[in-house]
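Have a look at the structure below, then the notes.
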Amino acid sequence: MKRNIDAATRAARRFFRLAETAAKYGGFWVSTAGGTANVVAGVIASRCGISFEDARRILDQAGREWAGDDWYTILLNIQPFRWDGWDPWDSWDVWNEMPGRWDVRTVAKAACRLC
């Protein structure tokens, strides 16, 4: 289990480095409600073989190392766009119009390649 936790820690740290690079080349959507962090933690959990709760805790710690206590806001602010037009009652077709070049799952999976 320690090996899995160590792998998840490396993946979370790598995610933030990749997030900076992705932001320079089109970015990805970051939910204002924290859902993006849950998606990333879910990918880390499944790829590294740990619980979601452990992955979320590790992601929070790596985020604080990366940018301090306000890491989620910084992750949002480094993205080259803002999308204020989302309506939760819209159909799923609207997701095709999401701004940004990358899906955060793609970035998270890349961060986990060495798990």
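Worth a mention:
- Residues within the stretch 28-53 that are under 19 Å from R101 (Cα atoms) and either more than 11 Å from the chain's Cα centre (by Cα) or charged (D, E, K, R) (or both), tallied: 1
- Residues of the stretch 2-22 classified as crowded, with 21+ Cβ neighbours inside 10 Å and either touching a Leu at 6+ places or on another chain (Cβ under 7 Å) or small (G, A, S) (or both), total: 5
- Residue list for the stretch 12-42, restricted to those being closer than 21 Å to R113 by Cβ and outside any helix (DSSP H, G or I): Y25, G26, G27, F28
- Of the residues making up the stretch 23-43, those that are exposed (fewer than 13 other Cβ atoms within 10 Å of the Cβ) and either in contact with a strand residue (DSSP E or B) (Cβ under 9 Å, 6 or more places away or on another chain) or of a type in the set (D, E, K, R) (or both) number 2.
- Filtered residue count, the stretch 71-115, keeping only those that are under 16 Å from A12 (Cα atoms), loosely packed, with under 13 Cβ neighbours inside 10 Å and either modelled with pLDDT of 85 or more or touching a Pro at 6+ places or on another chain (Cβ under 8 Å) (or both): 1
- Within the stretch 61-70, the set of residues being surrounded by fewer than 16 Cβ atoms within 10 Å (Cβ to Cβ) and touching a residue at least 12 places away in the same chain (Cβ under 8 Å) comprises Q61, E65.
- As a summary of the residue check, W29 satisfies the conditions (1) more than 21 Å from R10 (Cβ to Cβ); (2) at pLDDT 95 or above except for the one numbered (2).
The values are calculated or read from the model by the stated rules, or taken from the named source; none is laboratory data. None of these values were measured; they are calculated from a predicted model. Every residue, glycine among them, receives a Cβ derived from its backbone with ideal geometry; neighbour counts consider all protein chains shown.
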